[in-house]
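Every number here is computed from the coordinates shown, using simple stated rules; none is lab data. This structure is a prediction, so every number in the text was calculated from the model and none was measured. All Cβ positions, glycine included, derive from the backbone under ideal geometry; neighbour counts span all protein chains shown.
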Amino acid sequence: MTLQELNEKLNRIVPCRYKAWKKKPQVPFAVYYEDGSGNFSADGSVYVPFTHMAVELYADEKDPELEGRLQTLFDENQIYWEKSPDLYIESEKLLMVAYSFTMKGEGHGKK
């Protein structure tokens, strides 16, 4: 899956942007971003690139149905995901839950 495909699929579930919104949207909303890499190497070079990804879901209260829809999206696309504990951001009065997963990099490595 490419970043563009991820963006399109996430936006079918919840309004989403890469890394940040220019101004705070109505809740619920999400951001997604690359969170480093974990490449597989061979013969001294990157053989298969992997990108660590994060998706942060923000809401004003716990929304198990919305979280379930994100989890179904990951499962249907064979993405092994991990979920963080819920985090309440007092200054924003928002609840945030983060999902992390790894995607095979685009345009690199052996096919």
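Note on the chain: GNM, Cα springs under 10 Å; of Gly44, Gly68, Gly36, the largest mean-square fluctuation is that of Gly44.
For the chain, the longest principal axis of the alpha carbon atoms and the long axis of helix 64-76 meet at an angle near 10°. Scanning the chain for GluC sites (Glu not before Pro) that sit in a DSSP loop and have at most 13 other Cβ atoms within 10 Å, the longest stretch containing none of them is 1-60. Starting from one equal scatterer on each C-alpha and no solvent at all, send me the Debye-based log10 I(q)/I(0) for the chain at q = 0.11, 0.18, 0.21, 0.23 Å⁻¹, two decimals. So the normalised log intensities work out to -0.38, -0.90, -1.15, -1.33.
Residue pairs exceeding 21 angstrom between C-alpha atoms, taken from Lys9/Lys93; Lys24/Lys62; Lys22/Lys104; Lys23/Lys93: Lys9/Lys93; Lys22/Lys104. Applying both filters, DSSP loop and at most 14 other Cβ atoms within 10 Å, to the chymotrypsin sites (Phe, Trp or Tyr not before Pro) of segment 3-41 gives Trp21. Just checking the listed ones, Asp60, Asp43, Asp75: in the Gaussian network model of the chain with Cα springs under 10 Å, the one fluctuating most is Asp43.
Here Ser45, Ser84, Ser100 are placed in order of increasing Cβ neighbour count within 10 Å, fewest first, which gives Ser45, Ser84, Ser100.
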